[in-house]
Amino acid sequence: MALITSEEMFRKALEADYAIGAFNVNNMEIIQGIVEAAGEENAPLILQVSAGARKYAKAPYLRHLVEAAIEDTGVDVCLHLDHGEDFEICKQCVDDGFTSVMIDGSKHPYEENIALTKEVVEYAHAHGVVVEAELGRLAGIEDNINVDARSASFTDPDEAAEFVERTGVDSLAIAIGTSHGAYKFKGEPYLDFERLKEIHKLIPNTPLVLHGASTVLREFVDRCNEYGGEIPGAQGVPEEMIKEAVKHGVCKVNIDTDLRLAMTAEIRRVLVEQPEVFDPRKYLGPGRDAIKKMVQHKIRNVLNASNRR
Ligand code: G3H
Ligand code: 13P
Ligand code: ZN
C-alpha cells in the first residue's frame, strides 16, 4: 500500500476501455468516503488536490490525511495536483511527495504552454512524478459565448499530437465541450466526439483526460433545492456521454461537482429533518456516506472500473 503514479493505471485502462476516477478532495470526510468506495470496488484511484483545496485545508493536512486513508484501507492512491498554474506550485507538490501533477498552461499561447509544460515535465520526471497538461480551453455557459466561439476553443487534434511529442507529457487534458461546475449547458448537452476520435487516432498511446465530467444528477440537485438550497438550472454531462468518451481514449475522468452536490444534499437533509442536531459528526458522517455512494456509483456504472486494481 502506497502512493503510486498513474502510469500503470493508465496503461491498463487504455487497453481495456475503462477509466480512472479522479476525485477532488478538500477534507477528511471527503477523502474517507472516496477511498472506502474505491477499496470496496477494488478500483484504481486518483485523488486530486486543487490550489484552492491546498489553501483551504493547508497542504500538510491533505497529504497526511491521504496517507492515513492508505494506511487504514490498504488502497494504493495516485496523489495528483489539479490545475497547477505555474512551475512553482508543481515543484512544491513534487517536493511534497505528490506522485502526479497537472500543469495547466491552457490559458497561455501555444508556444508558451509548450515551454511551461516542458519545464514541469523535466523537473517532475527527474523525481519519478508524472505530468498532465492541458491544450484547448474549457468554456462554461457562464462565459456567455455562442456555440461557434465555444468550439473555437476546443483542442485541435494536430496541435495535440505535436504538443505531446514536443513536451513529453504523460497525459493530456482536452477540451471537447465540457466545463467546470454545475452549469455546463444551456440547451442540449453537446460533446464533440468526432474531435475526440481524431485526437485519439493521432495519439493512441496518450491517456486523455476529461475535466468537467460531472453529470449534475437531477436527484441531488432536487434534494438540495427541496431542503432550502437554490441551484436552479444546473445541468451536467449525461453519464452516457462519459461512457462514450471512455471508449475513445479518455482514461481519467475528473469529478468534483457531483461529490459536492451529494454531500451538500445529505447535510441539508439531516439539518432540516433533525433541527435538534448540532454535533458535526451527525451531519458530516451522513455527508461522508453520500460521497462514498456517489463514488461507488461512478466506478461501477460510469467508469467501468470495478475490480481493475
Ligand atoms: O477544477 C476545478 C475543481 O472542481 C476544483 O475546484 O478550485 O474550487 O477547489 P476548486
Ligand atoms: P466538475 O466540476 O465537472 O466536477 O469537474 C471537476 C474537474 O474537472 C476538476 O479538475
Ligand atoms: Zn478541471
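Since every read-out is calculated from the coordinates, none of them should be taken as a lab result. What you see is a predicted model, and the numbers here were worked out from it, not measured in a lab. Don't worry about glycine lacking a Cβ; one is built from the backbone with ideal geometry, like all the others, and counts go over all protein chains shown.
Suppose R0 equals 51 Å. What FRET efficiency, 1/(1 + (r/R0)^6) with r the Cβ-Cβ distance, do residue 158 and residue 231 give to the nearest 0.05?
My answer for the efficiency is 0.85.
Calculate the tail of P(r) for the chain: the fraction of all Cα-Cα distances greater than 33 Å, expressed in %.
Within the chain, distances greater than 33 Å cover 20 percent of Cα pairs.
Just add up the charged neighbours of residue 32: K/R +1, D/E -1, any other residue whose Cβ is under 11 Å from the Cβ of residue 32.
-2
Once you wrap a convex hull around the alpha carbon atoms of segment 1-66, what is its projected area averaged over all directions, in nm²?
Reported value for the Cα convex hull: 4.7 nm².
In degrees from 0 to 90, rounded to the nearest 10, what is the angle of the helix 110-126 Cα long axis to the longest principal axis of the chain?
For 110-126 against the chain, the angle is about 70 degrees.
Would you please state the base-10 log of I(q)/I(0) at q = 0.12, 0.16, 0.19, 0.21 1/Å for segment 10-159, with intensities from the Debye formula using one equal scatterer on every alpha carbon?
These q points yield log10 I(q)/I(0) values of -0.59, -0.98, -1.21, -1.31.
What nm value, rounded to one decimal, do you get for the distance between residue 218 and residue 115 when each label is placed 7 Å out toward the C-beta?
So the two model labels end up 5.1 nm from each other.
Give me the net charge of residue 198's neighbourhood, meaning all other residues with Cβ under 10 Å from the Cβ of residue 198; Lys, Arg count +1, Asp, Glu -1.
-1
Stretch residue 51-residue 190 to full length: gain in nm at 0.36 nm per residue minus the Cα-Cα span?
Stretched fully, the residue 51-residue 190 segment lengthens by 47.2 nm.
If you take the Cα Rg of segment 49-116 and divide it by 2.2 N^0.38 Å, with N the number of residues, what do you get?
Compactness ratio reported: 1.24.
Please sort 232-240, 73-81 by packing, taking for each peptide the average over its residues of neighbouring beta carbons within 10 angstrom, highest first.
The most tightly packed comes first, giving 73-81, 232-240.
Helix 193-202: angle to the longest alpha-carbon principal axis of the chain, degrees 0 to 90, nearest 10?
50 degrees
For segment 79-207, would you read off the P(r) tail past 23 Å as a percentage of all alpha carbon pairs?
Value for segment 79-207: 35 percent of Cα pairs lie more than 23 Å apart.
Mind pulling the angle between the C-alpha long axis of helix 280-297 and the longest principal axis of the chain? Nearest 10 degrees, somewhere in 0 to 90.
50 degrees
Once both labels are modelled 7 Å past Cα along the beta-carbon direction, what's the residue 202-residue 15 spacing in nm?
That separation, rounded to one decimal, is 2.7 nm.
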